[in-house]
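What follows is one structure encoded as structure tokens, with my remarks underneath.
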Amino acid sequence: MDGYFNTDGSVLYHKFTNVEFSGVFGSSGDYHLFIKYEDKVYMEVKGVGEIVIPFAELQKHKYWKQYYDLSLLLTPNKYSLAEDIVYSSKNTNYSIAYSDARYWSIHTMFMNTDAIDEGYVCYYKINPFDLENMGYTSQKNIDLFQENYANTRDDFINVELEIYNSLATEYQAVAQANQEE
């Protein structure tokens, strides 16, 4: 892992080779955040909570898998993470999404009032360096998470996913066009 500071020293950027960071951030402040280390996946969903599960468990759940796959499309550099040294999520335009101060974020594309925007808006609750030593969530707590997930996701989840997938497709097309220039 390598790290370097930005010009004013307020953010330390970390590069990884064996950990993937990704997220989906909605204009309403809703989010699905993921960290994948080997076979272990940390997943955090606004209003639902957080779990640590095997990758195979993530793949078994239709909407979790769809959000995970979408997060990979919307995150330009899955191996990079920013650590806010001076500020936190409370000092951003997106602080309404988080109830507590958070210091670890990733750069991602997101929908901002019908337009594609990008930035460091996905802030993790945990210190990502702790994931390696975290145990898996118990089956009882996975079941509770799944129940909470089902109760907080409204009937428009398919519409939301369609919008996000459209956003991801548009982002991919723009990124490809920029590479060809």
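Couple of notes before you dig in:
- Just one of the numbered conditions (1) free of Cβ contacts under 8 Å to residues at least 12 places away in the same chain; (2) assigned to a strand (DSSP E or B) is not true of ALA150: (2).
- Of the residues GLY29, GLY47, the single one that is outside any strand (DSSP E or B), exposed (fewer than 13 other Cβ atoms within 10 Å of the Cβ) and in contact (Cβ under 8 Å) with a residue 60 or more places away in the chain is GLY47.
- Annotation note: of TYR13, TYR67, the sole residue that is part of a strand (DSSP E or B) and in contact (Cβ under 8 Å) with a residue 40 or more places away in the chain is TYR13.
- Residues in the range 82-118 that are farther than 20 Å from SER28 by Cβ, touching a helix residue (DSSP H, G or I) at 6+ places or on another chain (Cβ under 6 Å) and in a strand (DSSP E or B): TRP104 only.
- Verdict on ALA150 being among the aliphatic types (A, V, I, L, M), loosely packed, with under 14 Cβ neighbours inside 10 Å, modelled with pLDDT under 70 and out of contact with any Cys (no Cβ under 8 Å at 6 or more places or on another chain): no
- Test result for LYS62, within 15 Å of PRO128 (Cα to Cα) and modelled with pLDDT under 90: no
- Residue list for the range 11-40, filter: out of contact with any Asp or Glu (no Cβ under 8 Å at 6 or more places or on another chain) and β-branched (Val, Ile, Thr): THR17, VAL19, VAL24
- One residue stands out among those in the range 51-64 that are assigned to a helix (DSSP H, G or I) and without any contact (Cβ under 8 Å) to a residue 12 or more places away in the chain: the one that is surrounded by the most Cβ atoms within 10 Å (Cβ to Cβ), which is GLN59.
The values are calculated or read from the model by the stated rules, or taken from the named source; none is laboratory data. Here the structure is a predicted model, which is why all the values come from computation and not from measurement. Cβ sites come from the backbone with ideal geometry, for glycine too, and all protein chains shown count toward neighbours.
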